[in-house]
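Novice: Have a look at this one before I ask anything.
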Amino acid sequence: MKIAREEDSLYESTPVSKRSRRRKTSNTSDAMDTDADPSDTDYVTDDVKDIIRQYHPVCVALQETFLKSCHTTKIRRYGCVRKDTEGSSVSGCVCIFTSLYVPSSALSLHTSLQAVAVRIHSTSLITVCCLYLPPNAVIYQQDLNNLVDQLPAPFVIPGDFNGHSTLWGSVKTYPRSRQIEQLVVIPDATVKTESVDTAVQEVTNVLIVAADLSIPKVSSHSFQRYKPWWNTDCYTAYKNQRKLWGIFRRYPTTENLLAFKKAKANACRSGFRKGRSTLDNLVFLESEIRDAFVRRNHLVSLFFDIEKAYDRTWRYGILPVRYFHVRIGHSSSHKFIQDQGVPQGSVLSVTLFNIHMSSILHHLPPSVREMLYVDDLQVSCQGSAKRLIEGQLQTTVNRLVKGCDQNGHKISPSKSSCVHFCRKRNLHPDPLIHIGNVQIPVVSENYIHRVWQETWDQQILNKLHSIHPSTSHWAALPVRRHDVRLTRLRIGHTRFTHRHLLLGENTPECPSCKVPYSVYHILID
């Protein structure tokens, strides 16, 4: 809430022009003249209008307005509550201007003092009382106490008291200031407190809280968008990547470059990584297709197959000095140095292949989305003009072929395919995209490592793997069906107790017997 006093605002605000000063001087003298024209008092509000125009206060309290009841004061979008002096000589007078945009109401006061009060509901309900105490008038303490008793709490009393005290920086203390000091309510706990800091601690805390809420602060943290998937593993991987980059920058060797590229593995590489299965790739492609359907665009997806991907993987610095020879019967050829390739079944196959392909995929056009799963690469592009899509994909194919030729890989045109996704009704020809001089065939469906993923899921999702630690010390029966039945009987594994054993839930109960399942129930089942 902004409350402005006349003495503080008129002389400490923005400079007033000479014309305004002349108007103020002449109008003040005219206001003192009992025979002055009431319309002349309109000039008194010029400086107040300047203050309101600059600060837009909720409330403005004025003292010594020297107004009579016949004088009118109007300010646009502000209401006025005032108390004038009747008689031949005008002295003092108080006035409060309140904004019409804030709810407020005048408060009736029964006092002989020059005071007016209003209740304002800004951020909270507060009472504002404008008080003027003439310097030569006799003021009784009882009148001040009665005035304070009529004000609903909380209240604030801005005004001109004409009192000097050492409490607020004056050199001497006068009797008038003693009366004002008695209006201040000081709790007994504050008086009995020896330390000044402890005595004013409550007031200090209120001021600090108000300052924290109103004064903006500059945070030391960067205002980045929150990522719900970011965790300690992501932070550790990013920190390791920056560490390896620092090492490679200081010592640019082949080993350090390979370590940095491995740490900088792109998130779209899915070589048997957790959370990067075939379903994840399908969901990614499905999202792109749905987005194209919503936008009424074409989406063309290319599926590439790289011939003998692991046999041509670059492995320098990881598997050095490797030889091979050809054996026919009992005869063996001479040893030859192996330049490329990873041994069959090596755990490094997928990792080395992803690192090798990362440098090629970084040079694709921005409008093309890629996804690499094991040794199968899928790229897609969407748009409203099919010619532009064909141009972007043909550029992508040319860059892939060029990169594979430089790195020793080869894309198989016969195993590659093209799928066109579109919901437009008008007829349009199939996209024409070539690998070299061979056109990529357009098909209606394509499989992404279906056999690999089914085999992988059978190994991971096998229910017997969860109970293997409990049954490994028992001898297995030659017939798997009998072995499974015996295992169920040993550990109580039925369709009723399946979730209880594998997921750690409460023991299930028989709906007929109302008791936990036992071997008897299992044998009956």
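Novice: Please specify each residue of region 44-70 satisfying the condition of being out of contact with any helix residue (DSSP H, G or I) (no Cβ under 9 Å at 6 or more places or on another chain) and part of a loop (DSSP other than H, G, I, E, B).
Specialist: His56, Val58, Ser69
Novice: For Tyr132, state whether it is closer than 25 Å to Leu67 by Cα and over 51 Å from the mean Cα position of the chain (by Cα). Can you show your working first?
Specialist: Numbers: closer than 25 Å to Leu67 by Cα: yes; over 51 Å from the mean Cα position of the chain (by Cα): yes.
Yes: the conditions hold for Tyr132.
Novice: Determine which member of the set Ile247, Ile306, Ile355 is surrounded by 14 or more Cβ atoms within 10 Å (Cβ to Cβ) and either of a type outside the set (A, V, I, L, M, F, W, C) or at pLDDT below 80 (or both).
Specialist: On the way: Ile247 fails: either of a type outside the set (A, V, I, L, M, F, W, C) or at pLDDT below 80 (or both); Ile306 fails: either of a type outside the set (A, V, I, L, M, F, W, C) or at pLDDT below 80 (or both).
Exactly one residue qualifies, and that residue is Ile355.
Novice: Could you say which residue among Thr111, Thr73, Thr98 is modelled with pLDDT of 80 or more and either assigned to a loop (DSSP other than H, G, I, E, B) or surrounded by fewer than 16 Cβ atoms within 10 Å (Cβ to Cβ) (or both)? Give the derivation first.
Specialist: Working: Thr73 fails: modelled with pLDDT of 80 or more; Thr98 fails: either assigned to a loop (DSSP other than H, G, I, E, B) or surrounded by fewer than 16 Cβ atoms within 10 Å (Cβ to Cβ) (or both).
Going through Thr111, Thr73, Thr98 in turn, just one is modelled with pLDDT of 80 or more and either assigned to a loop (DSSP other than H, G, I, E, B) or surrounded by fewer than 16 Cβ atoms within 10 Å (Cβ to Cβ) (or both): Thr111.
Novice: Suppose we filter region 410-434 for residues that are within 28 Å of Arg290 (Cα to Cα), crowded, with 19+ Cβ neighbours inside 10 Å and hydrophobic (A, V, I, L, M, F, W, C); how many remain?
Specialist: 3
Novice: When you scan region 127-150, how many residues do you find that are of a type in the set (Ser, Thr, Tyr) and in a loop (DSSP other than H, G, I, E, B)? Outline the logic, then answer.
Specialist: Restricting attention to region 127-150, the residues satisfying the condition of being of a type in the set (Ser, Thr, Tyr) are 127, 132, 140.
This time we only want the ones that are in a loop (DSSP other than H, G, I, E, B), so: 140.
Going through region 127-150 one residue at a time, the tally reaches 1.
Novice: Right, something else. Give me a count of the residues in region 403-427 that are of a type in the set (S, T, N, Q) and modelled with pLDDT of 85 or more. Can you show your working first?
Specialist: Step one: filter region 403-427 for residues of a type in the set (S, T, N, Q), giving 406-407, 412, 414, 416-417, 426.
Now drop any that are not modelled with pLDDT of 85 or more, which leaves 416-417.
Summing the residues that are of a type in the set (S, T, N, Q) and modelled with pLDDT of 85 or more in region 403-427 gives 2.
Novice: Okay, next question. Considering only residues that are more than 25 Å from Thr123 (Cα to Cα), aliphatic (A, V, I, L, M), free of Cβ contacts under 8 Å to residues at least 24 places away in the same chain and part of a loop (DSSP other than H, G, I, E, B), which ones fall in region 151-186?
Specialist: Within region 151-186, Val171, Ile186 meet the criteria.
Novice: Tell me which of these Lys274 doesn't satisfy, since it passes every other one: (1) of a type in the set (D, E, K, R); (2) modelled with pLDDT under 80; (3) assigned to a helix (DSSP H, G or I); (4) within 30 Å of Phe421 (Cβ to Cβ).
Specialist: It fails just one condition, (3).
Novice: Name every residue in region 355-372 that is assigned to a helix (DSSP H, G or I) and of a type outside the set (S, T, N, Q), in order of residue number.
Specialist: Answer for region 355-372, where residues must be assigned to a helix (DSSP H, G or I) and of a type outside the set (S, T, N, Q): Ile355, His356, Met357, Ile360, Leu361.
Novice: Surrounded by fewer than 21 Cβ atoms within 10 Å (Cβ to Cβ), of a type in the set (S, T, N, Q) and without any contact (Cβ under 8 Å) to a residue 24 or more places away in the chain: does that describe Asn407? Steps first, please.
Specialist: On the way: surrounded by fewer than 21 Cβ atoms within 10 Å (Cβ to Cβ): yes; of a type in the set (S, T, N, Q): yes; without any contact (Cβ under 8 Å) to a residue 24 or more places away in the chain: no.
Spelling it out, it is not the case that Asn407 is surrounded by fewer than 21 Cβ atoms within 10 Å (Cβ to Cβ), of a type in the set (S, T, N, Q) and without any contact (Cβ under 8 Å) to a residue 24 or more places away in the chain.
Novice: Which residues, counting only those in region 380-404, are surrounded by fewer than 21 Cβ atoms within 10 Å (Cβ to Cβ), of a type in the set (Ser, Thr, Tyr) and in a helix (DSSP H, G or I)?
Specialist: Across region 380-404, the qualifying residue is only Thr395.
Novice: Look at Val397 and say whether it is closer than 23 Å to Lys308 by Cβ, more than 44 Å from the chain's Cα centre (by Cα) and in contact (Cβ under 8 Å) with a residue 24 or more places away in the chain. Give the derivation first.
Specialist: On the way: closer than 23 Å to Lys308 by Cβ: yes; more than 44 Å from the chain's Cα centre (by Cα): no; in contact (Cβ under 8 Å) with a residue 24 or more places away in the chain: yes.
Against the criterion (closer than 23 Å to Lys308 by Cβ, more than 44 Å from the chain's Cα centre (by Cα) and in contact (Cβ under 8 Å) with a residue 24 or more places away in the chain), Val397 does not qualify.
Novice: Just need a number here: residues in region 371-394 that are touching a residue at least 60 places away in the same chain (Cβ under 8 Å) and touching a Cys at 6+ places or on another chain (Cβ under 6 Å).
Specialist: 3
Novice: Could you please find all residues in region 56-70 being modelled with pLDDT of 85 or more and surrounded by fewer than 17 Cβ atoms within 10 Å (Cβ to Cβ)?
Specialist: His56, the sole residue that qualifies.
Novice: When residues of region 55-89 are filtered for being of a type in the set (S, T, N, Q), over 12 Å from Val116 (Cβ atoms) and touching a Gly at 6+ places or on another chain (Cβ under 7 Å), how many remain? Explain how you work it out, then say what you get.
Specialist: Kept after step one, since they are of a type in the set (S, T, N, Q), are these residues of region 55-89: 63, 65, 69, 72-73, 85, 88-89.
If we keep only those that are over 12 Å from Val116 (Cβ atoms) as well, we get 69, 72-73, 85, 88-89.
With the extra rule that they be touching a Gly at 6+ places or on another chain (Cβ under 7 Å), the set shrinks to 85.
Count: 1.
Novice: Which of the following residues is polar (S, T, N, Q) and either without any contact (Cβ under 8 Å) to a residue 40 or more places away in the chain or part of a helix (DSSP H, G or I) (or both): Thr85, Thr123? Before you say what the answer is, go through the steps one by one.
Specialist: Values: Thr123 fails: either without any contact (Cβ under 8 Å) to a residue 40 or more places away in the chain or part of a helix (DSSP H, G or I) (or both).
Answer to the check: Thr85.
Novice: Is it the case that Leu377 is modelled with pLDDT under 85 and either under 23 Å from Val350 (Cβ atoms) or assigned to a helix (DSSP H, G or I) (or both)? Please lay out each step first, then the result.
Specialist: Working: modelled with pLDDT under 85: yes; either under 23 Å from Val350 (Cβ atoms) or assigned to a helix (DSSP H, G or I) (or both): yes.
Considered against the rule, which asks whether it is modelled with pLDDT under 85 and either under 23 Å from Val350 (Cβ atoms) or assigned to a helix (DSSP H, G or I) (or both), Leu377 comes out as yes.
Novice: Separate question: Residues Thr98, Thr72: which one is among the β-branched types (Val, Ile, Thr) and in contact with a Pro (Cβ under 7 Å, 6 or more places away or on another chain)?
Specialist: Values: Thr98 fails: in contact with a Pro (Cβ under 7 Å, 6 or more places away or on another chain).
Criteria check complete, one pass: Thr72.
The values are calculated or read from the model by the stated rules, or taken from the named source; none is laboratory data. Everything numeric here is computed off the predicted structure, so don't read it as measured data. Don't worry about glycine lacking a Cβ; one is built from the backbone with ideal geometry, like all the others, and counts go over all protein chains shown.
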